[in-house]
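Structure first, then comments.
The values are calculated or read from the model by the stated rules, or taken from the named source; none is laboratory data. All of these numbers come straight from a predicted model, not from anything done at the bench. Neighbour counts are summed over all protein chains in view; Cβ atoms, including those assigned to glycine, are modelled from backbone coordinates with ideal geometry.
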């Protein structure tokens, strides 16, 4: 009897092991586009929630200035108290975009660098010294004054401890020689290797107080339970497993702001639950993927329920140029012309965003776009007839079964990768593989588990794959990640970008020149040329921008960025490419 | 006593095997925690940072045997270190926030469905061929064959969203602070109704049918006829004579199920945003959070083994025949 039961127990263990091995089966669909950190805009079926009248709100609002804004920044089943903004993955989002502030905020919606803890920046004549003038009379939330010492300390800390999460690691070691404070309210960065795009990254770094952090033995394992910051909301007044509350900073430097008492963060484990709460009017501000948003959300209260989704960093089809005949730009362009992007957008993205043009830049970079390059990039238009002609011309003739024969004499059959559970990408891939039939190319969809997908792509061991692209304050990061030898790693090593290991020497030279100049006119000119090179080379095939998800409810608060007045990006979460834009919104919101 | 000791030895062996599997299995998954993290952050790390992160997470290139011994030592002391997906929070801190809710939900659903299913099974078997007997087993079989996820979503949509009878998420109202007040306890109960109710609905059929079939077999025994012939009251025959013997298989099953409480409620917790361990289990696996994964899987296996041990011990008391095997 007992033996039988031990066997059963072992069987259970093995079962657990199977679950573990085949974890694709139980895994919650993970983050796909946009918010890469903890958001999960997963496309799972939500019950149709369009049939119900708006329910009364659960949030308490009595006196307007005592109002609390209910926000969904990230998805977790229970909160674990960690406000360490340098924790790689698990810090609560409130820790960065609410409690701490940077020198300047790059406002992605307007393209401006908004003065924040610093009032101005300047480059010297040969771009070797970058100077920030700091704001005076800023206090930390414990009443201590903020000075240049805190800024110097923060950058010292990041250089000494590379395991602390930041975006500027390689700049601090490779480009910057040192930083100093000539007086209490000035900070200078001296460059040994000139790199002007460093401005945005240095300016965007969140600053921590020296007087607190210098006594922390190991900042990497510090959970920072009672944060001291300069941000508008710093006081954690309630922390429970399923909700926490952060109230306003008693010493905030913007007089009279914030206009309301605090923020409430209820925990939801996934999109479905957060979306139900949103449709129920329980949330004021959210950044979730909502399927069929007009019907499932807006229709429930058209007066107060709003959204707009702007295109963010691009999602591209990467065809490995090491796989012949895709070393030829013309063949890649032909493939691109065979893709019906309208259909892809409709099926995979609910038409939330327009397709990308051949420059690969979404609307977030509209001030940079070269009309000439866009006009020259005809290869993102759907035109299977021309595509077939181009493939014929490249000598890829069709075999008896209608499949073209590649240069190696074998039929053109390739695997298209997309991570398991990223349903929006997977359905985009299905459309692409159907489209490719018309070109005589056979594409099989392969959806490995996320980690194994990543391994194949990052190490350059793939044929075709869908993937994201690098974002930044300017298109510099995007083009560097697509066609520069700076981002090329040997096959078999994990590369964060440039997975096809593509390089154009002309682009390298332009990127280099761009990094040397701080003259906007010259930068614009270089960027125009880079766009033209991308359009000519087609190193990867732009499909659609990953939307920045943003929903807001005006029942209790006003002052959100709107489609008509997009003064700042809408999403309540922060990602490396737009941290910490939430500050711009939180200081404008007013209770009704 | 000898019986008990021999069993203990076997259980210790089982625990050691599970500890070892627990160490080996996560490491056979493709990828590692740092590359999983890079994926979630969409790149943006310099090689120096990646190296530093690996170090901070405690990844060494030490021989596996050394790592294994170190792991065993820590496991015996119950120290699972810092979680990776929630770095730098301690694994024990994460588990302690979620364990209580998982246990509460699991114990309540298991007890209710066991008691309800067993009693219904007894009644149905006693009046076999009656209306209840023709309706209940097939009805619960029908409900039980629904995919749980679907049933739970349906309940959430109808009773939570459309009718607004029950709260749609969490274990208690966000506006309350946990404490021994009636208001808080009431809130916990109301929040339990949907998650527990759906699980009970799905699982009660199993208990019922198991109980019904053993009851029918027991009812055919001579001593039941004897008891009836003696003119004992019906309820006494039903419960004291028949059920007491028929319950043994269900009881074994109950013991086994106790062990499954810790790992068996992932879907319930996810659908109803219930702050339990299930979500962490899934996240630990996707994020390659070895320390958290190991702690959770170990807790589950130890719970199952412990439940078995207890059932074994109780069996010795309940059924004298076992002692001689």
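Select from segment A:546-578 the residues that are within 14 Å of another protein chain (Cβ to nearest Cβ), in contact with a strand residue (DSSP E or B) (Cβ under 8 Å, 6 or more places away or on another chain) and over 19 Å from residue A:294 (Cβ atoms) and list them in ascending order. Before you say what the answer is, go through the steps one by one.
First, pick out the residues of segment A:546-578 that are within 14 Å of another protein chain (Cβ to nearest Cβ): A:546, A:548, A:573-578.
Remaining after also requiring in contact with a strand residue (DSSP E or B) (Cβ under 8 Å, 6 or more places away or on another chain): A:546, A:548, A:577-578.
Matches in segment A:546-578: A:546, A:577, A:578.
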Suppose we filter segment A:470-483 for residues that are within 27 Å of residue A:415 (Cβ to Cβ) and modelled with pLDDT of 90 or more; how many remain?
4
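Which one is farthest from the other protein chains (Cβ to nearest Cβ), of the residues in segment B:259-277 that are in a helix (DSSP H, G or I) and buried (at least 21 other Cβ atoms within 10 Å of the Cβ)?
Looking only at segment B:259-277, we keep the residues that are in a helix (DSSP H, G or I), and these are B:259-260, B:266-271.
From the residues that got through so far, the ones that are buried (at least 21 other Cβ atoms within 10 Å of the Cβ) too are B:259, B:268-271.
Values: B:259: 8, B:268: 11, B:269: 7, B:270: 5, B:271: 8 Å.
Step by step, filter segment B:259-277, then rank; the result is B:268.
With the condition being within 14 Å of another protein chain (Cβ to nearest Cβ) and surrounded by fewer than 19 Cβ atoms within 10 Å (Cβ to Cβ), I'd like the helices (runs of 4 or more DSSP H) fully within segment A:93-186 carrying at least 2 qualifying residues.
Here the list reads A:148-160, A:169-174.
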Can you find a residue in segment A:266-278 that is more than 14 Å from every other protein chain (Cβ to nearest Cβ), within 24 Å of the chain's Cα centre (by Cα), under 23 Å from residue A:567 (Cβ atoms) and outside any loop (DSSP other than H, G, I, E, B)?
no
Consider residue B:280 carefully, then state whether it is within 30 Å of residue B:123 (Cβ to Cβ), within 14 Å of chain A (Cβ to nearest Cβ), modelled with pLDDT under 85 and part of a helix (DSSP H, G or I).
no
Of (1) crowded, with 18+ Cβ neighbours inside 10 Å; (2) at pLDDT below 95; (3) within 26 Å of residue B:56 (Cα to Cα), residue A:218 satisfies all except one. Which?
(1)
Selection count, segment A:240-262, where residues are more than 13 Å from every other protein chain (Cβ to nearest Cβ), touching a residue at least 24 places away in the same chain (Cβ under 8 Å) and in a strand (DSSP E or B):
2
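When the residues of segment A:431-444 are narrowed to those that are without any contact (Cβ under 8 Å) to a residue 40 or more places away in the chain and outside any strand (DSSP E or B), which ends up farthest from residue A:290 (Cα to Cα)?
Residues of segment A:431-444 that are without any contact (Cβ under 8 Å) to a residue 40 or more places away in the chain, as a first pass: A:433-434, A:437, A:442-444.
Right, trim to outside any strand (DSSP E or B) and you get A:433-434, A:437.
Values: A:433: 26, A:434: 27, A:437: 32 Å.
Result: A:437.
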Can you tell me how many residues within segment A:194-225 are over 23 Å from the mean Cα position of the chain (by Cα), within 30 Å of residue B:91 (Cα to Cα) and touching a residue at least 12 places away in the same chain (Cβ under 8 Å)?
13
Could you say which residue among B:167, B:195 is under 21 Å from residue B:102 (Cα atoms), part of a loop (DSSP other than H, G, I, E, B), within 14 Å of another protein chain (Cβ to nearest Cβ) and modelled with pLDDT of 85 or more?
B:167
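Restricting attention to segment B:117-158, and to residues there that are within 12 Å of another protein chain (Cβ to nearest Cβ) and without any contact (Cβ under 8 Å) to a residue 40 or more places away in the chain, which single residue is surrounded by the fewest Cβ atoms within 10 Å (Cβ to Cβ)? Walk me through how you get there before you give the answer.
Going residue by residue through segment B:117-158, those that are within 12 Å of another protein chain (Cβ to nearest Cβ) are B:149-150, B:152-158.
Going one step further and asking which of them are without any contact (Cβ under 8 Å) to a residue 40 or more places away in the chain, we end up with B:150, B:154, B:157-158.
Working: B:150: 10, B:154: 13, B:157: 19, B:158: 12.
Checked segment B:117-158; the qualifying residue surrounded by the fewest Cβ atoms within 10 Å (Cβ to Cβ) is B:150.
I need the helices (runs of 4 or more DSSP H) fully contained in segment B:1-62, keeping only those with at least 3 residues that are under 25 Å from residue B:296 (Cβ atoms), more than 8 Å from chain A (Cβ to nearest Cβ) and at pLDDT 70 or above. Talk me through it step by step, then tell me what you get.
Values: elements: B:2-28, B:33-40, B:47-56.
The qualifying helices (runs of 4 or more DSSP H) are B:2-28.
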Checking the conditions here, which among A:447, A:465 is under 30 Å from residue A:292 (Cα atoms) and at pLDDT 95 or above?
A:465
Index of the failed condition, residue B:180 passing every other in (1) within 12 Å of another protein chain (Cβ to nearest Cβ); (2) outside any helix (DSSP H, G or I):
(1)
Check on residue B:226, free of Cβ contacts under 8 Å to residues at least 60 places away in the same chain, surrounded by fewer than 18 Cβ atoms within 10 Å (Cβ to Cβ) and facing chain A (nearest Cβ under 8 Å)
no
Looking only at residues that are more than 19 Å from residue B:252 (Cβ to Cβ) and crowded, with 24+ Cβ neighbours inside 10 Å in segment B:296-325, which one is nearest to the other protein chains (Cβ to nearest Cβ)?
B:297
Tell me, please, whether a residue that is under 30 Å from residue A:77 (Cβ atoms) and out of contact with any strand residue (DSSP E or B) (no Cβ under 9 Å at 6 or more places or on another chain) can be found in segment B:308-315.
yes
The lone exception for residue B:173 - which of (1) within 12 Å of another protein chain (Cβ to nearest Cβ); (2) under 24 Å from the mean Cα position of the chain (by Cα) it fails:
(2)
